[in-house]
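Asks: I'd like to ask some things about the structure below.
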Amino acid sequence: MKTELVQKAYEIAKERYQAVGVNVDDVLAKLQQIAISIHCWQSDDVTGFEKLDNLGGGGIQATGNYPGKARNINELRQDIEKVLTLVGGKHRLNLHAIYGDFGDKVVDRNEIEPAHFQSWMDWAKEKGLKLDFNSTSFGHPKSGDLTLANPDKAIREFWIEHTKRSRAISEAMGKFQNDPCIMNLWIHDGSKDLTVNRYKYRQILEQSLDDIFATDYKNMKDCIEAKLFGIALESYTVGSYDFYLGYGAKKQKMVTLDTGHFHLSESIADKISALLLFTPEIMLHVSRPIRWDSDHVTILNDDITDLAKEIVRAEALQRVHIGLDYFDASINRMGAYVIGIRATQKAFLQALLEPIATLRNYEANGQYFERLALLEEAKSLPWNAVWDYFCLKNNIAVGEEYITEIQQYEKDVTAKRK
Ligand code: RNT
Ligand code: ZN
């Protein structure tokens with residue numbers, strides 16, 4: 001796109017926004033600071049690099065068989081590096097425990113150590129990325145239907161040990177990068193059919209969590225992720241939203257809101273202001289559910305813009321951590337990353353551009369027609385000119401220009417992976 005055209009459109013947009021009391025330059029400075037935690041698992045359909053059998057399952061499933069998935073640590077890093085050339089801003093990389101640098105060694109989940117992630121830390125530092133982390137309790141011979149909530153002591157302790165080690169690794173990462181590493185804990189524990197022991201499994205999970213969180217760390221932060229149900233675990237989820245919301249509020253842990261983990265008509269945006277009052281911070285897994293927790297690529301839709309607006313309106317950008325979580329194996333995987341990251345940034349840009357002062361005045365005065373009218377008009381203010389300028393300033397592809405870059409990368413790199 002012509003630089004001149006982008007600049008011209010930006011100048012006009014700037015004036016238009018000024019008229020409704022929004023300083024676009026301030027907005028751009030804020031957008032530049034919003035880091036998105038990029039989930040590593042879109043690049044290889046949640047496979048990881050263990051030399052153990054990854055059995056899949058655990059309530060989640062990547063669907064599709066588009067060629068070119070990353071087969072090893074170097075390919076994954078190469079892919080992420082490519083993605084980073086197509087998005088503006090400084091971001092984070094969210095690793096799962098199964099993505100350790102294990103070489104040819106068989107390292108079971110209860111044996112992982114910071115050393116297995118040292119090469120990630122070094123690489124991330126070189127690339128200017130900060131790392132986040134996740135314990136992995138799915139896709140393992142000991143996963144079954146119950147991990148941390150398993151009445152079988154040996155299995156439960158195996159997963160407690162894994163999760164404790166994951167926290168220690170997160171602490172090492174946080175220390176290394178001089179910025180807290182956020183560790184997400186999600187387990188699939190549940191039941192396909194009716195269970196008559198709902199209370200018992202939740203009680204066990206609470207005890208396991210207490211044990212896991214007994215050690216205080218300075219350089220990592222815990223978050224706990226609830227879910228409505230998993231595939232083949234439809235009737236009961238031990239770690240439901242009520243469970244983790246209660247646990248998080250009581251123990252001051254942050255709750256992870258995955259936008260695919262609720263009833264489809266439930267507003268995730270509305271949860272922000274409630275959670276912020278009772279839990280220290282919030283972690284987001286921005287995804288796109290289609291009929292269920294299908295983990296489709298995040299796009300710019302009302303769900304995401306509403307969510308971004310609620311965070312900005314609550315002035316909570318410092319307390320809400322934004323991560324992505326989807327895995328679509330049916331389209332170009334790098335393209336899927338870029339679409340999702342850019343869509344999330346666009347949502348926050350729109351939120352930051354909201355003429356909030358005027359809207360709040362209207363509301364305070366009971367001028368509800370005026371409030372609704374301005375909300376409607378704000379939707380079609382020239383935010384896209386600001387977005388293009390953001391891309392230009394960041395020296396990355398403007399608009400649809402990134403399509404050809406992805407096509408080229410596919411031709412040169414991913415299509416050759418057989
Ligand atoms: C599963 C959860 C969880 C996973 C990742 C791989 O439904 O959303 O966050 O997607 O941990
Ligand atoms: Zn998630």
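Asks: S166 is checked against (1) away from ligand 2 (no atom under 16 Å from the Cβ); (2) part of a helix (DSSP H, G or I) and fails just one. What number does that condition carry?
Replies: The single condition S166 does not satisfy is (1).
Asks: In addition: Scan the range 314-326 and report the pairs whose first residue is more than 23 Å from A336 (Cα to Cα) and whose second residue is surrounded by fewer than 24 Cβ atoms within 10 Å (Cβ to Cβ) and hydroxyl-bearing (S, T, Y), with Cβ atoms within less than 7 Å and a gap of 6+ or a chain change.
Replies: Matching pairs, first to second residue: A314/S273.
Asks: Under 7 Å by Cβ, and 6 or more places apart or on different chains, what pairs join a residue from the range 136-158 that is more than 21 Å from F213 (Cβ to Cβ) and in contact (Cβ under 8 Å) with a residue 12 or more places away in the chain with one that is among the polar types (S, T, N, Q) and buried (at least 20 other Cβ atoms within 10 Å of the Cβ)?
Replies: That search, which allows pairs on different chains as well, returns S143/S137; D145/S191.
Asks: Can you tell me which residue among E377, E370, E410, E354 is surrounded by 13 or more Cβ atoms within 10 Å (Cβ to Cβ) and either touching a Leu at 6+ places or on another chain (Cβ under 6 Å) or farther than 29 Å from I290 by Cβ (or both)?
Replies: On the way: E377 fails: surrounded by 13 or more Cβ atoms within 10 Å (Cβ to Cβ); E410 fails: either touching a Leu at 6+ places or on another chain (Cβ under 6 Å) or farther than 29 Å from I290 by Cβ (or both); E354 fails: either touching a Leu at 6+ places or on another chain (Cβ under 6 Å) or farther than 29 Å from I290 by Cβ (or both).
Sole residue among the options that is surrounded by 13 or more Cβ atoms within 10 Å (Cβ to Cβ) and either touching a Leu at 6+ places or on another chain (Cβ under 6 Å) or farther than 29 Å from I290 by Cβ (or both): E370.
Asks: Ok, one more. Do we have M254 as modelled with pLDDT of 95 or more, in contact with a Cys (Cβ under 7 Å, 6 or more places away or on another chain), within 16 Å of ligand 1 (Cβ to nearest atom) and more than 23 Å from L31 (Cα to Cα) here? So that I can check it myself, show each step before the final result.
Replies: Numbers: modelled with pLDDT of 95 or more: yes; in contact with a Cys (Cβ under 7 Å, 6 or more places away or on another chain): yes; within 16 Å of ligand 1 (Cβ to nearest atom): yes; more than 23 Å from L31 (Cα to Cα): yes.
It is true that M254 is modelled with pLDDT of 95 or more, in contact with a Cys (Cβ under 7 Å, 6 or more places away or on another chain), within 16 Å of ligand 1 (Cβ to nearest atom) and more than 23 Å from L31 (Cα to Cα).
Asks: Continuing with the same structure: Please go through the range 394-408 and give me each residue that is under 19 Å from E81 (Cβ atoms), part of a loop (DSSP other than H, G, I, E, B) and among the aliphatic types (A, V, I, L, M), ordered by number.
Replies: Scanning the range 394-408 gives I396, A397.
Asks: Please find, among I268, I299, I272, I290, the residue that is of a type in the set (A, V, I, L, M, F, W, C), surrounded by 19 or more Cβ atoms within 10 Å (Cβ to Cβ) and within 21 Å of R342 (Cα to Cα).
Replies: On the way: I299 fails: surrounded by 19 or more Cβ atoms within 10 Å (Cβ to Cβ); I272 fails: within 21 Å of R342 (Cα to Cα); I290 fails: surrounded by 19 or more Cβ atoms within 10 Å (Cβ to Cβ).
None of the other options fit; the residue is I268.
Asks: Can I ask one more? Output yes when any residue across the range 120-133 is more than 28 Å from S294 (Cβ to Cβ), among the acidic types (D, E) and either surrounded by fewer than 15 Cβ atoms within 10 Å (Cβ to Cβ) or more than 15 Å from ligand 1 (Cβ to nearest atom) (or both), and no when none is.
Replies: Looking for residues that are more than 28 Å from S294 (Cβ to Cβ), among the acidic types (D, E) and either surrounded by fewer than 15 Cβ atoms within 10 Å (Cβ to Cβ) or more than 15 Å from ligand 1 (Cβ to nearest atom) (or both), one finds at least one in the range 120-133, hence yes.
Asks: Which fully enclosed strands (runs of 3 or more DSSP E) of the range 203-294 have 1 or more residues being touching a residue at least 40 places away in the same chain (Cβ under 8 Å)?
Replies: Values: elements: 220-225, 254-258, 282-286, 288-290.
Passing ranges, in order: 220-225, 254-258, 282-286.
The values are calculated or read from the model by the stated rules, or taken from the named source; none is laboratory data. Quantities reported herein were computed from a predicted structural model and do not represent experimental measurements. Because the Cβ atoms are built from the backbone with ideal geometry, glycine has one as well, and the counts that use them run over all protein chains shown.
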